[in-house]
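Chemist: Provided herewith is a single structure, encoded as structure tokens, for subsequent inquiry.
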Amino acid sequence: MYEVRILTIFPEIFDSFLGFGNPARAILARLLNVEPVDLRQFALDRHHSTDDYPYGGGAGMVMKPEPLVRGIKHLRANMFSPRVVLMTPQGRLFKQADAQELAGADSLALVCGRYEGIDERVRSFVDDEISVGDYVLSGGETAAMVVIDAISRLIPGVLGTDSRTDGDSFYDGLLEYPQYTRPREFEGLEVPSVLLEGDHAKIRRWRKQQALARTLARRPELLGRRTLDPSEIELLEEIRSETINGES
Ligand code: ADE
């Protein structure tokens with residue numbers, strides 16, 4: 001069972017999230033256990049305060065180090081070798097490869113900051129810092145949901161065999177090919193005929209070509225990071241010449 005603890009001042013925020021979709025399926029199948037842990041229980045004063053004014057002045061509040069570090073120590077003492085990760089916009093950008101790597105760990109402790117920031121010294125007590133994107137969220141909780149969601153669908157047995165993860169966008173370093181379902185014609189828009197003809201080799205080739213074309217058009221930097229095999233280079237060349245000849 002994959003164990004996740006979330007250190008947060010808003011444990012209830014996770015209730016509905018954990019009740020739906022892959023996280024819920026994983027939890028029901030006892031492949032995943034997620035427990036939000038209330039940071040306030042580790043506060044030292046009788047008001048259970050978790051934030052304070054910044055030294056040096058300035059706007060906003062800063063999360064105090066003691067509750068966070070006491071919470072982290074509590075989690076380390078009560079979990080089997082957890083990876084302790086601080087959710088912060090200053091962390092390294094979370095990618096599908098990170099989701100795969102984290103899904104292979106024994107357990108995970110996600111530390112959520114709030115307010116304008118956390119006391120810098122807390123950083124010495126975590127193993128890793130993750131950002132889910134170059135934007136500032138109100139707190140690490142929604143970022144933690146992103147990470148848990150991405151991991152939950154990679155835990156073996158969570159997805160059915162007919163919904164494997166190896167066609168996913170980013171799994172192979174490419175964006176996903178376009179998908180269609182019934183009806184064949186919708187508001188004048190047709191399903192590409194190759195998908196209706198039942199030639200599976202042709203469909204595979206078309207999908208790969210679409211994935212390459214889409215990645216080239218929308219996220220060209222992804223292609224630079226990936227080595228293309230000769231057949232992929234050939235498909236890309238075809239797309240390039242079609243574009244030059246005005247076919248698409
Ligand atoms: N906390 C606030 N913004 C965040 C982000 N982009 N990623 C992770 N944690 C955050």
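The values are calculated or read from the model by the stated rules, or taken from the named source; none is laboratory data. Bear in mind that the values here come from a model prediction, so they are computed numbers and not experimental data. All Cβ positions, even for glycine, are placed from backbone atoms using ideal geometry, and neighbour counts span all protein chains on display.
Residue-wise test of (1) crowded, with 20+ Cβ neighbours inside 10 Å; (2) outside any helix (DSSP H, G or I).
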site	(1), (2)
GLN41	no, no
GLY56	no, yes
GLY60	no, yes
ARG83	no, yes
ASP98	no, no
ALA109	yes, yes
LEU137	no, yes
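Chemist: While we're on this one: Between a residue in segment 87-101 that is assigned by TED's automatic domain parsing to the domain that holds ILE118 and any residue that is among the basic types (Lys, Arg) and loosely packed, with under 14 Cβ neighbours inside 10 Å, which pairs come within a Cβ distance under 8 Å, given they are 6 or more apart or on different chains?
Modeler: ASP98/ARG92
Chemist: What are the residue pairs meeting all of these: first residue in segment 28-42, first residue in contact (Cβ under 8 Å) with a residue 24 or more places away in the chain, second residue in a strand (DSSP E or B) and of a type in the set (Ser, Thr, Tyr), Cβ atoms under 8 Å, and 6 or more apart or on different chains?
Modeler: LEU31/TYR2; LEU32/TYR2; ASN33/TYR2; PRO36/THR8; VAL37/THR8; ASP38/THR8; LEU39/THR8
Chemist: Could you figure out which of (1) outside any helix (DSSP H, G or I); (2) within 24 Å of MET1 (Cβ to Cβ); (3) away from the ligand (no atom under 11 Å from the Cβ) isn't true of ILE130?
Modeler: With (1) outside any helix (DSSP H, G or I); (2) within 24 Å of MET1 (Cβ to Cβ); (3) away from the ligand (no atom under 11 Å from the Cβ) applied to ILE130, the lone miss is (3).
Chemist: Would you point out which residue out of ARG114, ARG121, ARG83 is more than 16 Å from the ligand (Cβ to nearest atom), out of contact with any His (no Cβ under 6 Å at 6 or more places or on another chain) and basic (Lys, Arg)? Outline the logic, then answer.
Modeler: Values: ARG114 fails: more than 16 Å from the ligand (Cβ to nearest atom); ARG83 fails: more than 16 Å from the ligand (Cβ to nearest atom).
Being more than 16 Å from the ligand (Cβ to nearest atom), out of contact with any His (no Cβ under 6 Å at 6 or more places or on another chain) and basic (Lys, Arg) holds for just one of ARG114, ARG121, ARG83, which is ARG121.
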